[in-house]
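Note sheet for the following structure.
The values are calculated or read from the model by the stated rules, or taken from the named source; none is laboratory data. If you're wondering where the values come from, they're calculated on a predicted model, not measured in any experiment. Cβ: placed from backbone, ideal geometry, glycine included. Neighbour counts: every protein chain shown.
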């Protein structure tokens, strides 16, 4: 009987010490990286990095909830936010072989329209990007792409 009591006591002490160690060292979950979108310039720079350099950390933070991307071609197409985010995540680490130029077309305290031109060998992609000031950060609300 004494052996049985000692065994249960030892098991209880091991269990209590294990739970105590687990409470002191909680399992850390990887946090989503916080992207600096505090200015329209930072947001457009990050948009260019996401679309041309394969950057994908925190890409969800970059777009408004109602974001749309329109591709103007012979059969114009519109993509929703979740489709674009999924596509950009698949391109993680892929850098496009193109020359990039960015020009601010219009800017105010709450929105900005920028033209992003990607010059590839043989064609050019022009992306008109609309950004809005939402809360304490800037986000992309619309993108219209054309190809020449």
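Remarks
- Answer residue from region 66-75, given it is in contact with a strand residue (DSSP E or B) (Cβ under 9 Å, 6 or more places away or on another chain) and surrounded by fewer than 11 Cβ atoms within 10 Å (Cβ to Cβ) and is nearest to residue 118 (Cα to Cα) among those: 73
- Test: residue 143 is modelled with pLDDT under 95 and either farther than 22 Å from residue 41 by Cβ or in a strand (DSSP E or B) (or both): no
- Test: residue in region 45-56 that is part of a loop (DSSP other than H, G, I, E, B), touching a helix residue (DSSP H, G or I) at 6+ places or on another chain (Cβ under 9 Å), surrounded by 11 or more Cβ atoms within 10 Å (Cβ to Cβ) and at pLDDT 90 or above: yes
- Test result for residue 105, at pLDDT 95 or above, exposed (fewer than 12 other Cβ atoms within 10 Å of the Cβ), touching a strand residue (DSSP E or B) at 6+ places or on another chain (Cβ under 9 Å) and not in a loop (DSSP other than H, G, I, E, B): yes
- Number of positions in region 82-102 that are out of contact with any strand residue (DSSP E or B) (no Cβ under 6 Å at 6 or more places or on another chain) and free of Cβ contacts under 8 Å to residues at least 24 places away in the same chain: 5
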